Amino acid sequence: MKSPLLLQGIPALEIVERYGTPLYVYDASIIEAQYRKFLEAFSLLPVKLRYACKALSNVNILQLLKKWGCGVDTVSIQEVELALWSGFRAKDIIFTPNCISFDEIQQVVEKNILVNIEDLQNLENFGRLYSCHVPCCIRLKPHILAGGNFHIQTGHADSKFGISIYDMEEIISIVKKYQIHVIGLHVHSGSEIKTADQFLQGAEILFQTALRFPSLEFLDLGSGFKVAYKKDDKVLNLADLAQKIYARWQSFSKDYGKSLELWFEPGKFLVSQAGYFLVKTNVIKKGNQIPFAGVDSGFNHLVRPMLYDAYHEILNLSNPDGQRKSYNVVGYICETDTFAKEREIPEIRVGDILCFCNAGAYGFSMSSQYNSRLRPAEVLIYQGKDYLIRHREKWQDLLQNQVLWDLDKDLFS
Ligand SMILES: *Cc1c(COP(=O)(O)O)cnc(C)c1O
């Protein structure tokens, strides 16, 4: 018998018995190990981490990261609220939104949170209102192609993120005109960057641009740290990257004349591998050549395979020693929601519990109620014990915020 999946010693099947399916489970020890691993790789540099909480925004996860000394990267005022509610100090939060109104920027500034400005109009608005009185960061679009595939590249010429480096003269002229206090520069070129050199391309742009901004306190190199989804997947070698950045950092610091902080904003790197998504097999259905295994979930709970062509390893926890067969693993949503095509998995039977690995990042946080299905529960494994950290939704949750009128009586009489 293959060893069953254990999460800090607790069999995953036991967790399923306790909480049911579909279920997201996170192993806190893996998040902590990833966090320490990152810091250790960069231990020679003045590094600060800002967890990109859109990856997994449960407040218990936020509180853990805060406890370990991590900051947080937010993309909406609602994420800012969640971070504050979880106990983060304003100064440990950065706000890196995209295409938002100046109104939202103002609301975030009022909470004393650093804003990363990523378009010229809002930079101008910011300068006009705050001049040198409120510090800010500027997000640059580096015009480089980095990151896994088209869906997750954010730094190329056609990308909507950041202010183009070709608009540098305009940026400088707005900054001068209003005496804007720019304390940080930022690039985030995409998710799943595979080589140190690709990463350094983005960094190099910051190192060069920084020389034109005399009052900087940090450079923010964003994220893009891939994790292995398949066994032989190549991932960025952190030690190698740290060494290369370190070499360049030395000469940069000399040129700049003062030592800055170096920020990163990993999301996936910290939480992806810690997450398991557990589902139950509803049906085994004859297909054209390959059978379908239909499970009690769909793209309403885990959209990455359909949205990004993402690969998630699938384990059959109920029959780990079964004969391997090819399946199309599909969801129960009335859409083509294929989790995996022609995947070899130990024989799947009705009722078997399947586990999607690497489901901690962009799993629950991208879930919806489509098809009027309920969102799964979330469980955290912390110091050898399991904790329910989000209730499974109930059907009444579908009514929340719906306003019920008696149309005949109220509207037409
Ligand atoms: C999403 C995002 C991240 C995190 O990306 P990962 O690939 O999950 O590490 C970091 N910074 C910004 C600005 C983001 O939008």
### Summary
Listed by range, helices (runs of 4 or more DSSP H) wholly within the stretch 194-313 having at least 3 residues that are hydroxyl-bearing (Ser, Thr, Tyr) and modelled with pLDDT of 95 or more are 238-256
### Query
Pairs, please: C-beta under 7 Å, at least 6 apart or cross-chain, first residue without any contact (Cβ under 8 Å) to a residue 24 or more places away in the chain and in the stretch 270-291, second assigned to a loop (DSSP other than H, G, I, E, B)?
285/291
### Query
How many residues, within the stretch 93-104, are surrounded by fewer than 22 Cβ atoms within 10 Å (Cβ to Cβ) and in contact with a helix residue (DSSP H, G or I) (Cβ under 6 Å, 6 or more places away or on another chain)?
2
### Task
Return yes when residue 410 is farther than 17 Å from residue 307 by Cβ and in a strand (DSSP E or B) and no when it is not.
no
### Query
List the pairs whose first member sits in the stretch 112-128 and is at positive phi, whose second member is modelled with pLDDT of 95 or more, and whose Cβ atoms are under 8 Å apart, counting only residues at least 6 apart or on separate chains?
112/90; 112/91
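The values are calculated or read from the model by the stated rules, or taken from the named source; none is laboratory data. Note that the coordinates shown come from a computational prediction; the quantities given were computed from them, not determined experimentally. Positions of Cβ are backbone-derived with ideal geometry, glycine not excepted, and every protein chain shown enters the neighbour counts.
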